[in-house]
């Protein structure tokens, strides 16, 4: 299987009352489609845009691996992020706005590709936005992947400005570090992957990211951010045991137990962290789990 082409698209959002913002969508299209439900939508997290799914070093790119396996893959930059249009007020780009933004793009995929359903993956805050989208449009979602799901607020101080400034330090925060230091552990992640990730973040996300989602995550831990009982489609939950954002004792087991569809799977990768999809020891396993689930 080979990748036919990658192309960029602009989709106009229909979010009320924030109509008219342009959403950047990148499509990775294979020469041959080999799956009944072939479209996979990848949704980024809170800080950086969808380029994280296309670290084009060796075979690390999640988007290209899925496309080379016969899926049509779509990367969305939520409005305010990356190459999408940026509202003056970054606070409007909250979890509900992003969920509606995802719906607009999925509707566009349905119309342009003449399909009824898509597969969806959300990473980190993207699990909040994709879950809220899936709650509203369950018939549009064939299968849902919650990668490193964030279920409750972090109880952190509210942001005071509409956009979070970019910093190299924040961009590298999710990479594994040498114990007791702030130095990246290159035994766990390739230096070329780190360098590519950082350069893409600087080039694409250098203007910063909107703080609407951060305001949502600033809520107290008593506040759930989505309702797993309304996720009626098959769901894969995947995350790392060393991910500092995940609560494996309470939240993850609760999400899994509450999912109503019996066709569900929970994968806990021992020692993996938040960015396991590009960590040396885990990215192959991650890609295989996605392929097995989506096919």
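FYI, it's all coordinate maths here, none of it is from the lab. As the structure is a prediction and not an experimental result, all values here were calculated from the model. Note: ideal-geometry Cβ built from the backbone for every residue, glycine included; neighbour counts use all protein chains shown.
In plain terms, the residue of 43, 105 with the fewest other Cβ atoms within 10 Å comes first and the most crowded comes last, giving 105, 43. Counted over the chain, the DSSP beta bridges are approximately 40% antiparallel. Measuring nothing but alpha carbons in region 82-171 and taking Rh as the Kirkwood radius, the Rg to Rh ratio lands at 1.01. Shape class for region 43-113: oblate, because the ratio a/c of the largest to smallest gyration tensor axis (alpha-carbon atoms, square roots of eigenvalues) is 1.5 or more and b/c is at least a/b. For region 219-278, the normalised intensity computed at q = 0.17, 0.20, 0.26 Å⁻¹ comes to -0.63, -0.84, -1.14 (log10 of I(q)/I(0), Debye sum over alpha carbons, equal scatterers, no solvent). Can you classify the chain as rounded, prolate or oblate using the Cα gyration tensor, where a ≥ b ≥ c are the square roots of its eigenvalues, rounded means a/c under 1.5, and otherwise it's prolate if a/b beats b/c and oblate if not? Taking the square roots of the gyration eigenvalues as a ≥ b ≥ c, the chain is rounded. With an 8 Å Cα cut-off and a minimum separation of 6 or more residues, compute the relative contact order for the chain in percent. The normalised contact order for the chain reaches 19 percent. Put in order of Cβ neighbour count within 10 Å, fewest first, the listed residues 221, 143, 114, 215 become 114, 221, 215, 143. Panel order for 33, 156, 76, by other beta carbons found within 10 Å of each beta carbon, from fewest to most: 156, 33, 76. Most tightly packed first, judged by the mean number of other beta-carbon atoms within 10 Å of their residues, the peptides 272-284, 81-93 read 272-284, 81-93.
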